[in-house]
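Here the structure comes first, spelled out in structure tokens, and everything after it is commentary.
Derivation of every value follows stated rules applied to the coordinates shown; laboratory data play no part. All of these numbers come straight from a predicted model, not from anything done at the bench. Using ideal geometry, Cβ is built from the backbone for each residue, glycine included, and neighbour counts are taken over all protein chains shown.
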Amino acid sequence: MGWLRAPAGGPLDYHRRWWLRAYVGLVFLLLYAPIVTLVVFSFNDSKRNIVWRGFTTKYYWKAWNNDSLFEAFTNSLMIAGVSTAISTVIGTMVAMLLWRFRFPLKSAYEGLVALPIVVPEICMGVAMLAFFSRVTGFPTDWPWPFNLSAITAAHIAFSFPFVAVVVRARLIGFNRELEEASRDLGASEWQTFWNVIFPYMRPGVVAGALLAFTLSLDDFVVTFFTSGPDTLTFPVKVYSMVRFSVTPEVNAASTVLIAITIALTVLAMRLQSPARVG
Amino acid sequence: MDHWRDHKLAFWVFAIPGTAWLVVFFLAPLAIVWALSFGENISITQTRVTGTLENYGRALLTPVYLQVIWKSVWLSALATAGCLLIAYPVAFLISFVGARWKMILLAAIILPFWINLLIRTYALIAVFRTRGFVNFGLEWVYETLFLDRLFGPFQPLELLYNNFAVGAGLIYVFMPFMVLPLYASIERLDKSLLEASLDLGAGQFTTFWRVTVPLTMPGIVSGIILVFIPMLGSFLIPDLLGGTNAQMIGNVIERQFKSANDYPFGAALSFLLMYATFAALALRAYAAGRRSAAQV
């Protein structure tokens, strides 16, 4: 505990003050304690989930064998996969559009593209509900996976603006002289894009895709309003379980989702880190 | 940057997919809701847009709904203030530690963003419920101090399904959002100004209030707006932690669309929420504009 008694250094060495350290430590403890206990108690061998009664993985098996939970999980992966593919392509194109061209009303268009990011989730959710209940062509009684098309379309609508933001941030660092050089050396526009610009922006595209996947997999509010009784996603299913009771099975399901999203986030951060620029 | 007319084909190829998707799956749904907000129910399943303002009037004049709106505003405001008080020292410390710790602490602040909101809210239920960790800890303290012999058995606190739970949930979920803009502005702060203030005889307290806080005001304003907007429109947190006792606008909107089947009224409420969001964003843009004008 030496650091507690360390001399307080200069007047600006605020980070050496023990009380500030203790305070910030406490904030982080409160921030993480609920999540850590949730994960720990998913291994608890007790149905009532209050006191530790020994280690078990049986609730993971139980969650795995819960048919509707498993189905919701496959739905979520399917939606996230399709939504990621489409929103990555669309988002990248929008990023290139904004990066490359000057056109009338450009700042208004930028604001429009950013709109899905700022609009309150609940407003977007009810808009989707009102829209899909009026528009035919997205029936929920189609065979899987086409019954998920309404949810997927909604997910793409809020994901691709995020992809556009990430890819555009990457493109800003691109030296356009490289593009000119490529053109001067006789490459066609398509060759220049594929061999010069795309390799440069790939880390941004991959990071954007991972972001889109996480956003889709995690989304609750918009999906809650878009989904029908037979098209549950993982978060919506967990929600209905949570409303019913607090059980280790929900903890196990949540832990799986946390693990997936954290793994994807760490991957995205590594791909975006400056060390990999090149 | 190229002018769009010089590469018309490429321009349209890049422009059409995103714009079309936005129009069909975002603007059209919003337009439907906007139109519905001026409509009325003509039967159980049908609504007709008649241009009436009755839905807005009902939202803003009926005491029950006015109460919910008012509660959403003050709960969000209180929780925003709580976030600011908790986040400022955290952001302050992060901007003074060494580079390695800075990265670790920032990553630790950002990580919860990526954990599902539903799961974080669910985690709080286990903390706050009658047989939850807080009551468990309190009971242990109570019995260790033999207070049960004096005052009778421990009475667990009712921490869930009230305004307190919703406020605590909002603070818990949104506090990390507050740290980032605060950190950005404290990081930019010229530390020699603090030194000058201390050299010239101001105490630490005076320096903080008269130098640090005014100079980091842009970050404070930015953080307040960034946190207040999503709080105002939150649905899941009051739904799971507040139950029927502590509802916010989001819950009322959800009920109109999911169970009460009163789309026009729900539409009017959600557009009131949209207008509030746009007003807050405009305020933020205005504040940023004034700042950059002042710096020129």
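Below, the figures for the structure above:
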read-out	value
Largest-first ellipsoid semi-axes for the stretch A:187-236, taking √(5λ) over the Cα gyration tensor eigenvalues, angstrom	37, 12, 6
Cβ-derived FRET efficiency at R0 60 Å, B:A81 paired with A:D45, nearest 0.05	0.90
Rounded to the nearest 20 debye, dipole of the stretch A:35-95 from Cβ charges on Lys, Arg, Asp, Glu	340 debye
Net charge of neighbours whose Cβ lies under 14 Å from the Cβ of A:F43, counting Lys and Arg as +1 and Asp and Glu as -1	+2
Extreme residue, positive dipole direction of the stretch B:56-295, given options B:I229, B:T206, B:T144 (C-beta unit charges)	B:I229
Only Lys, Arg (+1) and Asp, Glu (-1) charged, at Cβ; the stretch B:56-295 dipole about Cα centre in debye	440 debye
Dipole in debye (nearest 20) - the protein assembly as shown, about Cα centre, beta carbon charges: Lys, Arg +1; Asp, Glu -1	800 debye
Hydrodynamic radius (Kirkwood) for the stretch B:115-229, which is based on Cα pairs only, to one decimal in Å	17.8 Å
For the stretch A:60-276: rounded, prolate or oblate by the Cα gyration tensor [a/c cutoff 1.5]	prolate
Expected 222 nm ellipticity per residue - DSSP helices of 4 or more, -39500 (n - 2.57), all of chain A, to 500	-23000 deg cm²/dmol
At R0 = 45 Å, FRET efficiency that the Cβ-Cβ distance of A:W61 and A:L30 yields, to 0.05	0.90
Helix-derived mean residue ellipticity, 222 nm - over chain B, DSSP H n ≥ 4, -39500 (n - 2.57), to 500	-22500 deg cm²/dmol
Nearest-0.05 FRET efficiency for A:A85 and A:I117, computed from C-beta distance (R0 22 Å)	0.60
Most mobile of B:F38, B:F235, B:F146 in a GNM of chain B (Cα contacts under 10 Å)	B:F146
Ranked list, fewest to most other Cβ atoms within 10 Å of each Cβ, for B:K8, A:K237, A:K106	B:K8, A:K106, A:K237
Tensor-based shape of the stretch A:192-278 (alpha-carbon gyration tensor, a/c under 1.5 rounded, otherwise prolate or oblate)	oblate
Percentage, to the nearest whole number, of Cα pairs in the protein assembly as shown over 30 Å apart	59 percent
Out-of-range pairs (alpha-carbon distance over 26 Å; input A:K106/B:K258; A:K237/B:K102; A:K47/A:K237)	A:K106/B:K258; A:K237/B:K102
For the stretch B:53-115 and the stretch B:238-296, distance of Cα centres in Å	13 Å
Cα lying deepest toward the dipole's positive end in the stretch A:175-242, options A:S182, A:F225, A:V242, charges on Cβ	A:V242
Taking B:I119, B:I224 and counting other C-beta atoms within 10 Å, the order from fewest to most	B:I224, B:I119
Under the Debye formula (equal points on every Cα, no solvent term), log10 I(q)/I(0) of the stretch B:209-259 at q = 0.24 Å⁻¹	-0.84
Cα gyration tensor category, rounded, prolate or oblate, for the stretch B:56-295 with a/c compared to 1.5	oblate
